[in-house]
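Notes for the one structure printed next.
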Amino acid sequence: MNLSRSWIWLDHSIFPDVQKTKISVFDHSSKPRPAMAVFRRIFSLESVPDDLTAHFSGDCKFRLFINGRFLDDGPVEVGGDYANTTPPDWWFFDSRTVADRFHPGENVIVAEVLTVPDAQTDYSVGHPGFTFELESGGVSLLRSDSSWCSFLNPAFVDTMNWHAELFHEDYHSLSFDASRWIPAEELPPEICEKWKLRKLNLPPLEESKVFPRKGRILFDEMKPYASCSGDLSLTAFPGPPVSFQLEFDQETAAQIGFEIESEGGASIVLEYQEVPGVTHSVEKYTAAPGTHSFRSTRLNVFKYIQLRISCGAFSSEHFAPVKIRSITAHRRGFPLGATAPFDCSDPDLMKIRSCIDKTMRMCMMRLHLDSPVHQEGLGCTGDYMIESLIAHALYGETRLAAADILRTSLLLKQKNASMFHTSYSLSFLDMVRDYYWNTGNPDLLETVFPQLEAVLDRFAGFVGADGLLSEAPNYLFIDWVNGGGYNYHHPPASRGMGCFTAFYFNALCTGAFLAGVLGRTEREQLCRERAEAVKKAFAQLWSEERGCFCDGIPHLTNVPPSQWLPPDDEIPSFTVHTNVLALAYGLVPREKIDLLWEKIFTDPTLIQPQPYFMHYVFEALHRTDRFSRYGFELLKRWNVPVAEHPDGLKECWNCGDYSHAWGGSPAYQLTRSVLGIVPLLPGWKKIRIAPCFGNLSFAIGTVPTVSGNIDVCYRDGSLEVHLPPGMEYELCSPYQTVVSCKTNVK
């Protein structure tokens, strides 16, 4: 392919002020002009090959149309990190089979490329560009070069502001006259080399159209100035601005589109809301004369959209009605297929699982999102580690986890094993282990293992003289909780070292396991030796007086305070967090396990976890075999936030957005702890069956695995488990159990 050397952009001699981009939304070193470049090419085919394939990418953002039909947007996200302003030294292109988009004769290809990021997932190498190649049978039929014509679209003011009155001609039409457009400029090799292109094994996002189920005029006194017809066409008549509220069946992550009829000058303000009246994002559209269609370049999440329509501006000669029709949410998402079946006698558990399913479908794009409200890059690895476990439990999905692991390893390599949220680089090891465990494929592990080693070696440098992890530059991130006047997003060392020491111990154990898989005996031995030393040091945190572990030792650290590291105070702190991690990772002597669990559930002075950290609480219950005692009671904590917003998970018990998948651990636990299906060998070649149905009278579910589906059916004390052919198992069931293997279907 010529893709890596066929980047084009607007002629720099004609458009000198749109030749640079921001590296990310965090880059404040310059303020390049927001712009949309449009590239257009007429291409003729005598016949359309079945294998006709388009390869493409762009910087900073783009969307691609063939014969007026939206094909895709992009680029495939590089990953990135919170607060990162370093240009990525890798870039991705996408490939799509496009035979169904072309026809014999003339075809029109259009790319709209933005120079500005509008989300944390957006990155740039510092120069805008677009690249495209069409090939069949290994032969290049078309590539991006100076034969494409280009145009700077003045309608695009920025990612939140579209002024159609400045340009509204349909350049997607084959009959459009582009004779005044200028030839695209082929970028020189030294710029093309900035995009070190590679392919990610990801399918295209699925897209579906979703329509509002109802609309209403918000204020009764405005009804003389507006109408909302049964087909949800909205009309605003001359007079004061009118506000409408559109409601969709459920919350969705989508790009909004509509058709508008106006005499020009009309202003449309769209406010995106997860719950009525709480706006988290705003877009503005200024209409042109006539009837036109619009599709936003932004991914937004909403169940409600509040539209404020003004028929004209003070400069308008007269006011005229404005009609908005065909309001459409172009829903985007990773192709997940059907959710694994599950049913049980507790309707609350079913509501919780349904809410998690909806949230995951909003958060799984070309990378895992913390939420479509924040759209953070891959810096929140703790979120994505949990989401990957849920994705496997609900959909048997591992492809997105593989892509995120690769991107995170590229980031770690570039950043010398350092991430903004310090603890999340340790979560990366868990994510790699879980992926290997679910797939049984060591190839990706082999690829990223040098970065795993680098992370472990970096943390070895944070170990203080007492053996605790007391010398970290900060203790980002533990949980969104406050205690003692501190936020445990970035607590002092004395309040963070307990969790970090436990995280590091677990990472060493994980590193030893992964090194063993690859036959790296020296690294395996080093990890085990370091883990043993850390385990001994962790015992210093035990408080006989309190009957639990403290969070750290005040003034033990030698690291000076900074923006993300407050100075230690004099007061020892105690949290559920440190003690749960000690239980989860085997840092608690056997004789103290029950006493410590009792302490955790009865001592109200311990700082309590938010939904994210509940993943580790469940992990501790599983590893200490205490789910039957406490698990179902903990699952009830989700009843309140799910009742408040059934369409998406609330970020925290008491605050945050409503589409945050990091709190979805119950969906994973329904498979792991309730149905009790756990892999004992990588690739699910052997499993443990250890169910816990509590007070449920029945539970039926399917566990998707790379080795085939496992079907579980429990009713009134009797359990049936159907395994794929050849899958071995270990049975630890307190119920009357029958295990059978499915026969191969030829």
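Any idea of the accessible area per residue across segment 255-308, 1.4 Å probe, to the nearest Å²?
Working: 1630 Å² over 54 residues.
Result: 30 Å² per residue.
For a label point 7 angstrom out from the Cα of residue 96 toward its Cβ, which stretches of segment 267-299 have the backbone nitrogen within less than 20 Å?
Of the residues in segment 267-299, 293-299 have backbone N under 20 Å from the label point off residue 96.
Can you give the FRET efficiency for residue 636 and residue 732, using 1/(1 + (r/R0)^6), R0 = 25 Å, r = Cβ-Cβ distance, to the nearest 0.05?
Details: r = 25 Å, r/R0 = 1.01.
The value I calculate is 0.50.
Using R₀ = 51 Å, calculate the FRET efficiency as 1/(1 + (r/R₀)^6) where r is the Cβ-Cβ separation of residue 688 and residue 571; round to 0.05. Could you put the intermediate results ahead of the total?
Details: r = 43 Å, r/R0 = 0.85.
Computed FRET efficiency for residue 688 and residue 571: 0.75.
Report, in listed order, any pair from 599/636; 214/351; 214/358; 323/358; 415/685 with a Cα-Cα distance greater than 29 Å. Please list the in-between numbers first.
On the way: 599/636 20 Å; 214/351 24 Å; 214/358 21 Å; 323/358 32 Å; 415/685 37 Å.
Violating the 29 Å Cα-Cα cut-off are 323/358; 415/685.
Roughly how many Å is it from the Cα centre of segment 184-217 to that of segment 340-355, as a whole number?
35 Å
Using a Cα-Cα cut-off of under 12 Å, which aspartates and glutamates could be cross-linked to residue 592, ignoring same-chain neighbours fewer than 8 residues away?
544
Scan segment 26-116 for GluC sites (Glu not before Pro) in coil per DSSP, keeping those whose Cβ has at most 15 other Cβ atoms within 10 Å, and list them by number. Could you put the intermediate results ahead of the total?
Values: sites: 46, 77, 106, 112; in loops: 46, 77.
Answer in residue order: 46.
Give me the number: length gained by fully extending residue 655 to residue 48, i.e. 0.36 nm times residue separation minus the C-alpha to C-alpha distance, one decimal in nm. Can you show the working numbers first?
Details: separation 607, 0.36 × 607 = 218.52 nm, distance 5.36 nm.
This chain segment gains 213.2 nm when fully extended.
Accessible surface of residue 12 in the full protein assembly, 1.4 angstrom probe, to the nearest 10 Å²?
Answer for residue 12: close to 100 Å² accessible.
Shape of the chain from its Cα gyration tensor (a ≥ b ≥ c, root eigenvalues): rounded if a/c is under 1.5, otherwise prolate when a/b > b/c, or oblate? Write out the running numbers ahead of the final one.
On the way: a/c = 1.68, a/b = 1.58, b/c = 1.07.
Prolate, because a/c is 1.5 or more and a/b exceeds b/c.
Between rounded, prolate and oblate, where does segment 43-192 land on the alpha carbon gyration tensor, with a ≥ b ≥ c its root eigenvalues, rounded for a/c under 1.5, else prolate if a/b exceeds b/c?
Values: a/c = 1.82, a/b = 1.25, b/c = 1.46.
The shape class here is oblate.
Taking the Cβ of residue 597 as the center, what net charge do the other residues with Cβ under 10 Å away carry, scoring Lys and Arg +1 and Asp and Glu -1? Don't jump to the answer; show the numbers that get you there.
Details: positive: 592, 599, 626, 629; negative: 594, 598.
Here the count lands on +2.
For the chain, which whole percent of the accessible surface, found with a 1.4 angstrom probe, sits on carbon and sulfur atoms? Mind showing how you got there, number by number?
Working: 14550 of 28720 Å².
Answer for the chain: carbon and sulfur cover 51 percent of the accessible area.
222 nm [θ] for the chain, helices only, -39500 (n - 2.57) per DSSP H run of 4+, per residue, to 500?
On the way: 14 runs with 178 residues, N = 746.
Calculated mean residue ellipticity at 222 nm is -7500 deg cm²/dmol.
Describe numerically, in nm with one decimal, the distance between label points set 7 Å from Cα along Cα→Cβ at residue 465 and at residue 298.
In this crude spin-label approximation the distance works out to 5.4 nm.
Roughly what % of DSSP beta bridges within segment 605-746 run antiparallel, to the nearest 5?
Working: 14 of 24 bridges.
In segment 605-746, approximately 60 percent of DSSP beta bridges are antiparallel ones.
Label 7 Å along Cα→Cβ of residue 564; segment 79-106 residues with amide nitrogen under 16 Å?
80-86
Taking only C-alpha pairs under 8 Å that are 6+ residues apart, what is the relative contact order of the chain in percent?
Working: 1708 pairs, mean separation 77.9, N = 746.
Across the chain, relative contact order equals 10 percent.
Figure the gain on full extension for residue 544 and residue 213 (residue separation times 0.36 nm, minus the Cα-Cα span) and round it to one decimal in nm. It would help to have the intermediate numbers written out before the result.
Details: separation 331, 0.36 × 331 = 119.16 nm, distance 5.99 nm.
Result: 113.2 nm gained on full extension.
Kindly express, to the nearest 10 degrees and within the range 0 to 90, the angle between helix 399-414's C-alpha long axis and the longest C-alpha principal axis of the chain.
90 degrees
What is the extension gain from residue 67 to residue 680, computed as 0.36 nm multiplied by their sequence separation minus the C-alpha to C-alpha distance, in nm to one decimal? Write down the numbers at each step before the final one.
Numbers: separation 613, 0.36 × 613 = 220.68 nm, distance 5.17 nm.
Length difference between fully extended and current span is 215.5 nm.
Quickly work out the residue 593-to-residue 608 label distance, labels modelled 7 Å from Cα along the C-beta direction, and quote it in nm with one decimal.
According to this spin-label approximation, the distance is 2.6 nm.
Would you be so kind as to identify which of 129, 612, 477 lies farthest towards the positive end of the dipole of the chain, taking Lys and Arg as +1 and Asp and Glu as -1 on Cβ and the Cα centre as origin?
The Cα lying farthest towards the positive end belongs to 612.
Describe numerically, in nm with one decimal, the distance between label points set 7 Å from Cα along Cα→Cβ at residue 29 and at residue 722.
Once both label points are built, they end up 6.0 nm from each other.
Out of every Cα pair in segment 186-326, what percent are spaced more than 19 Å from each other? Intermediate values should be presented prior to the final figure.
On the way: 5624 of 9870 pairs.
Of all Cα-Cα distances in segment 186-326, 57 percent exceed 19 Å.
What figure in square angstrom, to the nearest 10, would you give for the accessible area of residue 168 with a 1.4 Å probe?
In the full protein context, residue 168 sits at about 80 Å².
Averaged per residue, what accessible surface does segment 652-720 expose to a 1.4 Å probe, in Å²?
32 Å²
Which of rounded, prolate or oblate describes segment 385-537 when judged by the alpha-carbon gyration tensor and an a/c cut-off of 1.5? Numbers along the way, then the final one.
Numbers: a/c = 1.92, a/b = 1.30, b/c = 1.48.
It comes out oblate by the Cα gyration axes.
The values are calculated or read from the model by the stated rules, or taken from the named source; none is laboratory data. This one's a predicted model, so the numbers in the text were calculated from it and none came from an experiment. Cβ: placed from backbone, ideal geometry, glycine included. Neighbour counts: every protein chain shown. Heads up: the accessible areas ignore ligands, DNA and RNA and are worked out on the full protein's heavy atoms, side chains in. Shrake-Rupley method; radii C 1.70, N 1.55, O 1.52, S 1.80 Å.
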